[in-house]
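Data first, discussion second: the structure below is written as structure tokens.
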Amino acid sequence: MSVYGEYLKDDRLDRTVGADTHIYAHAHLNHSQLEQGIDLVIEAGKAGEVWDRRIELYFDEYVVAIGFGTLGHPPYVWIMSDEQVEMKTFEVEDSGYSMHFNDILSALGFERKAVLTEVESGALMSKAMNIIRDIYFELGTDLEVREQNLHEAEVHRARYLTEQQLEVRTRLKSI
């Protein structure tokens, strides 16, 4: 896995030594029984480009974005194909970290009992946050060491996105 960390150079920000404001991690995951794998990119940080939690799925003929919702906006499914855009929102109470997995089920249109309880869903989110913590630690567990591995940036830029993905991000910012 390769990890790249940045901090914003901005006089308005009080920054602690070794504290990043954005991180990019890129990995290629291989399945032991399959010849093909999948690229995984994780973008995280306090000054991230994407403020809602979502998964973007890119297919040959369309793009699907599944937004899990926050306390500020409801979960949604957004589909773009041949310049047509469809969006459906789901009114789910208490969307946010505690309902993470339940939001996904709702956004996908499952009308059945949730697979995970709220506690289990919270545990899933905790494990996801631990993965991000481990990525940060790739830059160094000691703050002084991490500081040496962080790059100064005027603005955070998405490094691994294709032109199509950049276009999708631009469109999603307006919803």
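A few comments on the model shown:
- Filtering region 129-169 to residues that are within 17 Å of the chain's Cα centre (by Cα) and among the hydrophobic types (A, V, I, L, M, F, W, C) leaves Met129, Ile131, Ile132, Ile135, Ala158, Leu161, Leu166, Val168.
- Looking only at region 143-159, residues that are assigned to a loop (DSSP other than H, G, I, E, B) and surrounded by 11 or more Cβ atoms within 10 Å (Cβ to Cβ) come to 5 in all.
- Qualifying positions in region 121-142 - part of a loop (DSSP other than H, G, I, E, B) and either among the hydrophobic types (A, V, I, L, M, F, W, C) or out of contact with any Ser or Thr (no Cβ under 9 Å at 6 or more places or on another chain) (or both): Leu139, Gly140, Thr141, Asp142
All of the numbers you see were taken from the coordinates with simple rules; none came from a lab. Treat the numbers as computed from the prediction; the structure is a model and nothing was measured. Backbone-built Cβ (ideal geometry, glycine too); neighbour counts: all protein chains shown.
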